[in-house]
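First comes the structure, then the notes that go with it.
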Amino acid sequence: MKNKILSSVIITVLFAIVIVTSSFMMLMNLEEIKNTKEELKNVNYLISELNNITDISHNDYENLKRLNDLKINNINVRFTLIDNNGIVLYDNEEKSSENHSSRLEVKDALEKGEGYSRRYSSTIKANFLYYATRLDNNLLIRSSVPIYTITILHQENIMYCLLILALVLIFSIFLSLRLVKKIIEPVKELERVTLKMTKGDYKIRADVKTNDELGTLGNSFNNMADQLQMKIHEVIEKQTKIESILKSMESGVIAVDNHNRVISINPCAESLLGIKKSIIGECLLDYVNDYDINKFLEQEEENDKEIKILHPIERDFKIKKSEMFDGVENIGKVITFQDITDINRVELMRSQFVANVSHELKTPLTSIKGFAETLKFVKDDETREKFLDIIDKEAERLSRLINDILVLSSIESNLIADVDEFEPGLVIEEVLNIMRKSAINRNIKIEFINNNTECILGDRDKFYQLGLNLIENAIKYSKDISGIVEVESFSKDEYYCLTVKDNGLGIPKEDISRIFERFYRVDKSRKKGGTGLGLAIVKHIVKIFNGEINVKSELEEGTTFEVKIPYV
């Protein structure tokens with residue numbers, strides 16, 4: 001741009017110099033011609049005065065001959081004497097035989113007394129400037145000089161003219177450079193700032209301090225940059241909020257265009273569909289391998305549907321889709337994936353829980369009702385006492401079942417637990433003191449090792465319930481006579497640990513994953529008369545303490561339960 005402006009300015013200056021010079025030379029030429037014409041007029045007057053032409057005879061031109069050395073611009077003046085009929089009487093250079101009455105300067109001189117013309121002389125073979133004057137006796141004296149002798153610039157002045165022209169040119173270039181610099185610097189500043197902004201630096205501003213149009217442009221550019229920065233900040237802030245919302249959603253959200261190319265996808269959707277890389281801009285159907293989902297996306301009739309998928313893991317989805325519009329133009333779809341696997345599982349567990357509760361309550365109630373009705377017809381005291389004992393046992397079983405259901409319901413519904421600081425080993429000793437009588441009755445030995453003196457935070461009563469259920473189960477399912485229950489309380493890696501080990505029946509591997517379900521009992525333990533809720537209660541209590549419980553078991557060798565509770 002700098003070279004273009006500089007070239008344009010120099011060309012403009014040179015063009016102006018040429019125009020001015022040409023105009024000056026033209027004016028000088030006219031002025032020089034005018035001066036030469038005046039000199040020729042004076043020559044004619046001088047000739048007429050000095051030679052008294054009016055008195056000389058037609059054949060005696062000695063007086064005129066003496067003026068042959070008369071010069072203008074260092075060139076001899078050609079003068080001619082012509083009569084009123086146009087016949088040349090005398091010519092100091094070469095007498096012409098042609099009649100001159102048709103010459104413009106001769107005609108004007110005869111009519112007006114003076115005549116002037118510029119034309120080509122066929123006699124001398126050159127362009128001449130002619131000036132004719134009419135004398136008193138109607139003779140004409142005409143003087144002339146060649147046109148080329150009229151010099152505009154004298155040789156001694158040419159160097160000065162060239163010097164002035166060079167100075168003007170140098171000064172013009174200097175001013176042009178200053179002008180170009182004044183124009184280019186703000187433009188370069190704007191260019192520098194623009195390049196910075198294209199690289200992401202939206203805080204930079206143009207430093208243009210001129211008060212002209214470029215200064216106004218710089219201020220307008222800075223105002224535009226302020227507005228742009230503000231708008232970009234707003235867009236980024238909105239985008240960040242949307243991304244944060246999408247990332248924090250527990251439902252999968254995918255936006256696709258009309259060709260099913262992915263516009264946006266949140267991490268939850270990637271996790272649910274087993275997508276391990278970014279698929280922005282790629283076709284969603286290439287990464288979703290489920291037939292039902294692909295069919296749902298391609299159909300226009302359905303907008304929501306429940307689908308079960310098997311990849312990457314078995315899940316139940318509730319899928320919804322809605323159209324995206326940009327004004328009135330449809331630009332794609334938004335698809336939401338809601339994982340309802342846990343909801344369906346909870347609903348199934350609720351149904352099973354109701355069925356199990358109904359079944360478990362129905363059995364003792366049926367027994368109680370049956371034996372109570374039978375007692376109406378029994379007269380034997382011994383038989384009556386036997387039936388009453390059965391009714392008492394079934395009522396006690398029913399009471400335990402209802403009590404366990406209430407305890408489990410209380411644990412699940414009590415969101416805010418009491419928080420106490422207590423030493424867990426002392427609570428376990430209280431449990432053992434209660435359960436020792438039951439263990440002695442079955443000849444089961446209880447060993448307790450307490451290597452922990454630190455306290456934990458939580459609900460002391462619920463921890464008591466946890467220890468009671470685990471130790472009661474260990475005593476219940478230990479071997480008779482040679483049974484041993486080992487209880488250990490200790491610390492490990494910032495966790496409080498409680499292990500309860502027995503040498504009883506053990507649990508089959510296929511049942512270990514289900515022993516914490518409500519009313520689930522291993523087949524071999526049904527004769528023990530448990531309610532099937534003890535371990536479910538234990539699991540919920542462990543969750544309240546933010547801990548974990550693990551089970552290790554071998555058939556006919558025993559079972560070990562390990563509870564880990566963090567101190568903080």
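The values are calculated or read from the model by the stated rules, or taken from the named source; none is laboratory data. All of these numbers come straight from a predicted model, not from anything done at the bench. In this analysis, Cβ positions are derived from the backbone assuming ideal geometry, glycine residues included, and neighbour counts consider all displayed protein chains.
A few comments on the model shown:
- Candidates in region 472-517 are the residues that are of a type outside the set (Lys, Arg) and assigned to a helix (DSSP H, G or I); of these, the one that is surrounded by the fewest Cβ atoms within 10 Å (Cβ to Cβ) is 510.
- Some residue of region 263-281 being among the hydrophobic types (A, V, I, L, M, F, W, C) and touching a helix residue (DSSP H, G or I) at 6+ places or on another chain (Cβ under 7 Å): no
- Put simply, of 551, 538 the only residue that is modelled with pLDDT under 90 and touching a strand residue (DSSP E or B) at 6+ places or on another chain (Cβ under 8 Å) is 538.
- Residue in region 287-298 that is hydroxyl-bearing (Ser, Thr, Tyr) and surrounded by 11 or more Cβ atoms within 10 Å (Cβ to Cβ) present: yes
- With a requirement of 3 or more residues that are basic (Lys, Arg), the helices (runs of 4 or more DSSP H) lying completely within region 195-308 that satisfy it span 213-248.
- Residue pairs whose Cβ atoms lie under 8 Å apart, separated by 6 or more positions or on different chains, with the first residue in region 187-203 and of a type in the set (Ser, Thr, Tyr) and the second surrounded by 11 or more Cβ atoms within 10 Å (Cβ to Cβ), are 202/225; 202/228; 202/229; 202/232.
- Of the listed requirements (1) closer than 30 Å to residue 310 by Cβ; (2) surrounded by 11 or more Cβ atoms within 10 Å (Cβ to Cβ), residue 229 misses just one: (1).
- Residue, farthest from residue 309 (Cα to Cα), within region 336-376, restricted to residues that are among the basic types (Lys, Arg) and modelled with pLDDT under 75: 362
- Test: residue in region 199-209 that is of a type in the set (Gly, Ala, Ser) and touching a Lys or Arg at 6+ places or on another chain (Cβ under 9 Å): yes
- Listed by position, the helices (runs of 4 or more DSSP H) contained in region 1-114 that have at least 2 residues being modelled with pLDDT under 75 are 2-51, 62-65.
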